[in-house]
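This report refers to the structure that appears directly beneath it.
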Amino acid sequence: MNELFRQTASKVWLLLMAATFVTTWMLTKDAFPLRIATIAIVLIAAIKVRLVLLHFMELRHAPLPLRLVFEAWVIAVTGALIALYWLTPAAG
């Protein structure tokens, strides 16, 4: 059992579960302003996407050009989502 928790995949999985807990229960309970909570959720989702692609889809061992494209994609999509959300007028 101890060996299971020494594996990188287990540590990443626990981190993903902790991130899911934060976004599901902590950031949705009106403890933070809506815009801040939403941006935090998008950023945490980007980190989770990156972790899954690196550790479970083996992109950490990919050739450097492919890895750079992947990293740029995560940054570009996250930046676009945050910019679109921030620039959209608040409803209500």
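Numbers at a glance
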{"item": "Within the accessible area of region 2-87 (1.4 Å probe), percent carbon and sulfur", "result": "75 percent"}
{"item": "Neighbour cut-off at most 12 other Cβ (10 Å), DSSP loop, chymotrypsin sites (Phe, Trp or Tyr not before Pro), region 9-76", "result": "none"}
{"item": "Kyte-Doolittle mean at least 0.5, axial Cα span of 30 Å or more - DSSP H helices of the chain", "result": "64-87"}
{"item": "Solvent-accessible area per residue for the chain (1.4 angstrom probe, square angstrom)", "result": "74 Å²"}
{"item": "Residue-averaged 222 nm ellipticity for the chain, from DSSP H runs of 4+ at -39500 (n - 2.57), nearest 500", "result": "-22000 deg cm²/dmol"}
{"item": "Pairwise FRET efficiency - A90 versus L16, Cβ, R0 = 35 Å, nearest 0.05", "result": "0.70"}
{"item": "Heavy atoms of M17: accessible area, 1.4 Å probe, square angstrom to 10", "result": "80 Å²"}
{"item": "Loop GluC sites (Glu not before Pro), region 1-89, which have at most 16 other Cβ atoms in a 10 Å radius of their Cβ (DSSP)", "result": "E58"}
{"item": "Heavy-atom SASA rank of H55, H61 (probe 1.4 Å, accessible area, largest first)", "result": "H61, H55"}
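The values are calculated or read from the model by the stated rules, or taken from the named source; none is laboratory data. These figures come from a predicted structure and were not determined experimentally. Reconstructed Cβ throughout: ideal geometry from the backbone, glycine too, with neighbour counts over all protein chains shown. For the accessible areas, the whole protein counts, side chains as well, though only heavy atoms, and no ligand, DNA or RNA atoms are used. Shrake-Rupley method; radii C 1.70, N 1.55, O 1.52, S 1.80 Å.
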